[in-house]
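Note sheet for the following structure.
The values are calculated or read from the model by the stated rules, or taken from the named source; none is laboratory data. Since this is a predicted model, take the numbers as computed values, not measurements. Cβ placement follows ideal geometry from the backbone for every residue including glycine, while neighbour counts extend to all protein chains displayed.
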Amino acid sequence: MNDEIKTSLLISTYNWPEALDLVLKSVIAQTVLPDEVLLADDGSSEETKKLIKKYQEKSRFPIQHIWHEDKGFRRTVILNKAIAKAKGNYIIQLDGDCILHKNFVEDHKKNTNKNTFLFGSRVNIQESFLAELFNKKQVSFPFFTKGIKKRTRNLHLAVFNKLYLPKNELSGKLRGCNLSFWKKDFLKINGYNEAMTGWGKEDSEMAIRLLNSGVKGKRLRYAGIIYHIWHHIKSKERYNINAEIEKKALTEKLTWCENGISKYL
């Protein structure tokens with residue numbers, strides 16, 4: 001494993017401290033710890049702040065809490081603000097409702113390559129299992145664990161992951177809750193497009209600009225596993241607007257967005 005890679009584990013969160021508690025618990029249990037954790041907080045209340053402080057006090061790695069005022073769904077903004085503060089040269093990104101497999105950070109770090117970003121899948125934790133999940137504070141999910149679906153995604157078989165090669169086209173499997181990239185590649189395209197507010201398409205639009213700039217995407221399959229905690233789907237009122245922005249990046253082969261991370265650097 002390349003010791004020159006310094007990882008910043010980026011976790012976006014908003015007002016769900018019960019889920020974030022399990023996510024941070026799973027971070028501490030990693031086979032390879034991140035060099036730092038960045039908590040990109042889209043305006044959570046005091047309860048989340050207290051939880052983060054508890055982990056900051058006991059953690060063996062730095063935890064930065066990057067917060068801004070709650071003015072609606074502004075995930076692109078808070079992610080840019082957090083990445084601007086990243087001390088690592090490699091960003092591993094997930095959401096605050098996604099519990100990490102114990103090898104998650106190690107898998108992403110092992111599979112890094114020049115001019116390549118990585119994207120993985122997620123195992124789904126079912127709604128009917130949530131009470132037991134939070135009661136037990138469970139962060140480990142063997143293959144036959146009850147309460148999960150998309151079970152084949154829970155196979156950790158690194159040898160089969162090698163069959164997946166980098167490609168220069170957008171995959172429908174890409175999810176922003178399981179994504180990693182070099183910070184320099186992200187800065188080169190000016191990061192997330194902050195014209196995209198509300199839920200939908202912000203990750204794929206960013207990935208399109210990475211691809212247009214010459215960075216290929218590699219799927220992490222049978223590695224880099226996360227467990228997504230069920231929740232109600234967020235409002236899609238901005239989805240069509242965001243989809244048009246994504247379409248423009250694709251058709252015009254854009255590599256840069258004007259309203260991006262540069263304002264925080």
Of all the residues that make up segment 130-185, how many are closer than 21 Å to ASP21 by Cβ and among the hydrophobic types (A, V, I, L, M, F, W, C)?
8
What is the one condition in (1) under 16 Å from the mean Cα position of the chain (by Cα); (2) surrounded by 19 or more Cβ atoms within 10 Å (Cβ to Cβ) that SER44 does not satisfy?
(1)
Residue list for segment 133-192, restricted to those being part of a helix (DSSP H, G or I) and either over 20 Å from the mean Cα position of the chain (by Cα) or farther than 30 Å from LYS85 by Cα (or both):
LEU133, PHE134, ASN135, LYS136, ARG151, THR152, ARG153, ASN154, ALA158, VAL159, PHE160, ASN161
Checking LEU211 against (1) surrounded by fewer than 24 Cβ atoms within 10 Å (Cβ to Cβ); (2) under 23 Å from GLY72 (Cβ atoms); (3) free of Cβ contacts under 8 Å to residues at least 60 places away in the same chain; (4) among the hydrophobic types (A, V, I, L, M, F, W, C): exactly one of these is not met. Which one?
(2)
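Can you pull out the residues in segment 228-242 that are among the hydrophobic types (A, V, I, L, M, F, W, C) and assigned to a loop (DSSP other than H, G, I, E, B)?
Selection gives TRP230, ILE233.
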Out of all the residues in segment 179-188, is one or more surrounded by fewer than 19 Cβ atoms within 10 Å (Cβ to Cβ), hydrophobic (A, V, I, L, M, F, W, C) and in contact (Cβ under 8 Å) with a residue 60 or more places away in the chain?
yes
In segment 1-97, which helices (runs of 4 or more DSSP H) lie fully inside it and hold 3 or more residues that are at pLDDT 95 or above and either of a type in the set (Ser, Thr, Tyr) or farther than 20 Å from TRP199 by Cα (or both)?
17-28, 46-58
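Conditions tested, residue by residue: (1) within 23 Å of HIS232 (Cβ to Cβ); (2) in contact with a helix residue (DSSP H, G or I) (Cβ under 6 Å, 6 or more places away or on another chain); (3) surrounded by 15 or more Cβ atoms within 10 Å (Cβ to Cβ).
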| site | (1), (2), (3) |
| --- | --- |
| LEU100 | yes, yes, yes |
| ASP107 | no, no, yes |
| ASN135 | yes, no, no |
| LYS149 | yes, no, no |
| LEU163 | no, no, no |
| LYS167 | no, no, no |
